[in-house]
Amino acid sequence: MTIAATTDTDVFARRIRTIVGERGVIDQATDMAPYLVDERGYYRGSARMIVRPASTAEVSQVLRACNEMRVPVVPQGGNTSLCGGATPFEHGNEIVLSLVRLNRVRSVDPLNYAITVEAGVILADVQKAAAEHDRLFPLSLGGEGTARIGGNLSTNAGGTGVLRYGNARDLVLGIEVVLPDGTVWDGLRGLRKDNTGYDLKQLFIGAEGTLGVITATVLKLYPRPAALETAFAALSGPEAAIELLSRARKRTDDKVAAFELILRTPLEMVLRRIPGARDPLAKAYSTYALVEISSGRDDGGLRAELEVLLAEAIEDGLVKDAAVAESAQQRKDFWRLRETIPEAQKHEGASIKHDVSVPVSRTAEFIAKASRDVDSVVAGARIVAFGHVGDGNIHFNISEPAGGDTALFRARAEDITRTIHDIVARMDGSISAEHGIGRYKRDELAHYKPAIALDLMRRIKSAIDPNGIMNPGKVV
Ligand SMILES: Cc1cc2nc3c(=O)[nH]c(=O)nc-3n(C[C@H](O)[C@H](O)[C@H](O)COP(=O)(O)OP(=O)(O)OC[C@H]3O[C@@H](n4cnc5c(N)ncnc54)[C@H](O)[C@@H]3O)c2cc1C
């Protein structure tokens, strides 16, 4: 969809200033810079201005102006997108619509286990507000200190709690959205049951800003766990991880809160590159699982359940060794080993990243196949596989061979990705498990998504955004 360049820059800028005031506009190059580059540094865009409305009414007026003057809009929350979704293109015709000033917790309803927040509230602050009322908001991910809830919903974020509580999509009761023509849809309802036709909120969740702007949401809360037990276990291989996960779910009556897989290569990178990182186990093993179980009861029973699970798994040869966290600090140290993998990998030369999913039961098969085939594309390429394997989600990243030829590795990047994504497609998996599509994977989506599904997506897009002003060139 192309957009006619009809805009008189000055008229547009004056109109926006009238709506949001001086505080709501950033147009000096140095101040704009942080909004124009993506988290991974893959894209460096340009924009007419950064617009920072402070209320839903202001968002509405800004979108109305953009729609009338055909100015494309790139919504932005915390700008932690890992696929360039929140970064404008290089041509400079777009505005970035930053939601950071819509940052109020509107209300908490502990009896309804619900919280209503504006789109610009930082994810960690949503968690804190819930905790102040003895409730849990279970969405949790590495970027939670920066990412904002509107961005989390727009990317249908996953993270470490999906196994137990679901994706962002599963945690939403209601949303408020401003449509591209400025109309506000107030769908802020805290209902568990509402069977009145199409579930419209789900259209905007995971839409990556291509259909409208989420300005507020009602989120589900849960009882705060009273007990939490965490183990770092060495396993005989990825197959053992899947078997252990299955046993853990059964034995604990589905109290598994997180189940993360880490192969030895990424762990070694962390031990080498992250100051203070220590291997919790005495010997090196090929495969590890970070297992966390939680319960609303604090009677010591949970610890016993975890220990029995591990003891049986050791007896059966699934688990080779394990450490159970003895303190909050030790638990933090275990998680740090998992969460600093991307940081450690940055120091290990060129890399290519894939965020894929396959059915949980086939994750080990996927890792084995993809590792073998990648090696046949670039011999010695290092497989940095880790992730939320409890959801079948593997971050299957590839680092260049140690001491290898970086230019040669980069030249084969597309072949590596094609190899991996083809395997994923053959296994009925997804080429984007949780990070979204954005700009980075748009062409991959077009390659793998069935034509009928793409056509439906385009029809929805043109029905809601006929002038194509919302984040054009992303997703579809
Ligand atoms: C260290 C680190 C760890 C991460 N771990 C995970 C993880 O485990 N799981 C996971 O799923 N993701 C993860 N991510 C990715 C990222 O944090 C998520 O995609 C996050 O949900 C994005 O939130 P944000 O506010 O930064 O959104 P942004 O990056 O600002 O925007 C993301 C997309 O949403 C759109 N958007 C933003 N706000 C709105 C709005 N209010 N209305 C409409 N559209 C909007 C943007 O246009 C863009 O397309 C991680 C990122 C980092 C940096």
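Read-outs: derived from the displayed coordinates by stated rules, not from any lab. From a predicted model like this one, the values you see are computed outputs, not experimental measurements. Neighbour counts run over all protein chains shown; Cβ positions are idealised from the backbone, glycine included.
Which value does Rg/Rh take for segment 286-342 over its C-alpha atoms, Rh per Kirkwood?
Looking at segment 286-342, the ratio lands at 0.99.
Beyond a 32 Å Cα-Cα separation, which of these cross-linked pairs lie in this structure: LYS128/LYS461; LYS255/LYS346; LYS283/LYS449; LYS128/LYS193; LYS250/LYS461; LYS220/LYS346? Show your work: numbers first, answer last.
Numbers: LYS128/LYS461 35 Å; LYS255/LYS346 34 Å; LYS283/LYS449 44 Å; LYS128/LYS193 27 Å; LYS250/LYS461 42 Å; LYS220/LYS346 35 Å.
Cα-Cα > 32 Å for LYS128/LYS461; LYS255/LYS346; LYS283/LYS449; LYS250/LYS461; LYS220/LYS346; rest within.
Sorted from largest down, what three extents in whole angstroms do the Cα atoms of segment 89-147 have along their principal axes?
Computed over segment 89-147, the largest-to-smallest principal extents equal 49, 24, 14 Å.
Decide, for segment 45-146, between rounded, prolate and oblate: order the square roots of the alpha carbon gyration tensor eigenvalues as a ≥ b ≥ c, take rounded if a/c falls under 1.5, and otherwise choose prolate if a/b is larger than b/c, else oblate.
Judged from the Cα gyration tensor, segment 45-146 comes out oblate (a/c at least 1.5, b/c at or above a/b).
Give, to the nearest whole percent, the P(r) tail of segment 232-274 beyond 11 angstrom, counting all Cα pairs.
Summing the P(r) of segment 232-274 above 11 Å gives 68 percent of all pairs.
Quick one: what does P(r) look like for the chain with 20 Å bins over all Cα pairs, in whole %?
Binned Cα distances yield the sequence 23, 54, 22, 1.
If I take every Cα pair under 8 Å that is 6 or more residues apart in segment 1-104, average their sequence separation and divide by the length, what percent do I get for the relative contact order?
Details: 177 pairs, mean separation 34.9, N = 104.
Averaging sequence separation for qualifying contacts and normalising by length gives 34 percent for segment 1-104.
ARG106's amide H: which non-local residues (gap 5+, or another chain) put their own amide H closer than 5 Å, with H modeled 1.01 Å from N in plane and none for Pro or chain starts?
THR116, VAL117, GLU118
Which of the trypsin sites (Lys or Arg not before Pro) across segment 58-153 are loop residues per DSSP, with 11 or fewer other Cβ within 10 Å? Please list the in-between numbers first.
Details: sites: ARG64, ARG70, ARG101, ARG104, ARG106, LYS128, ARG135, ARG148; in loops: ARG70, ARG101, ARG104.
Taking segment 58-153 and a limit of 11 other Cβ atoms within 10 Å, no loop trypsin sites (Lys or Arg not before Pro) are found.
Averaging the inverse of every distinct alpha carbon separation and then flipping it gives the Kirkwood radius. What is it for segment 1-76, in angstrom units?
Here the Kirkwood hydrodynamic radius works out to 13.3 Å.
Roughly what angle does helix 363-377 make with the longest principal axis of the chain, taking Cα atoms, 0 to 90 degrees, to the nearest 10?
The two axes meet at around 80 degrees.
What is the helix-to-structure angle for 238-251, meaning the angle in degrees between its Cα long axis and the longest Cα principal axis of the chain, kept from 0 to 90 and rounded to the nearest 10?
Relative to the chain, helix 238-251 is tipped by roughly 90 degrees.
Expressed as a rounded percentage, what relative contact order does segment 18-176 have, with Cα pairs under 8 Å and six or more residues apart?
Relative contact order of segment 18-176: 18 percent.
Hey, got the Cα dimensions of segment 276-318 along the principal axes, in Å, largest first?
Cα spread of segment 276-318 along its principal axes, largest to smallest: 34, 32, 14 Å.
If amide H atoms are built 1.01 Å from N in the plane of the peptide, which residues on other chains or at least 5 residues away come under 5 Å of the amide H of THR215?
So THR215 has HN proximity to GLU176, VAL177, VAL178.
Looking at segment 314-410, which GluC sites (Glu not before Pro) are in a loop (DSSP not H, G, I, E or B) and have at most 13 other Cβ atoms within 10 Å?
Listed in order of number, the matching sites are GLU326.
Sequence-distant or interchain residues sharing an amide H contact under 5 Å with VAL25, placed H: which?
Answer set, sorted by chain and number: ARG52.
Counting C-alpha atoms alone, how compact is segment 204-315: give Rg to one decimal and Dmax as a whole number, in angstrom.
18.1, 54
Which net charge results when you count Lys and Arg as +1 and Asp and Glu as -1 among the other residues whose beta-carbon is under 12 Å from that of GLY403?
Overall, the nearby charge balance is -2.
Grab the alpha carbons of segment 258-415, take their convex hull, and tell me the volume per residue in Å³.
Once divided by residue count, the hull of segment 258-415 is 128 Å³.
For segment 93-186, take the convex hull of the Cα atoms, compute a quarter of its surface area, and give me that in nm², please.
Convex hull of Cα atoms, orientation-averaged projection: 6.9 nm².
How high is the relative contact order of the chain, given as a whole-number percent (alpha carbon pairs under 8 Å, six or more residues apart)?
In percent, rounded to a whole number, it is 15.
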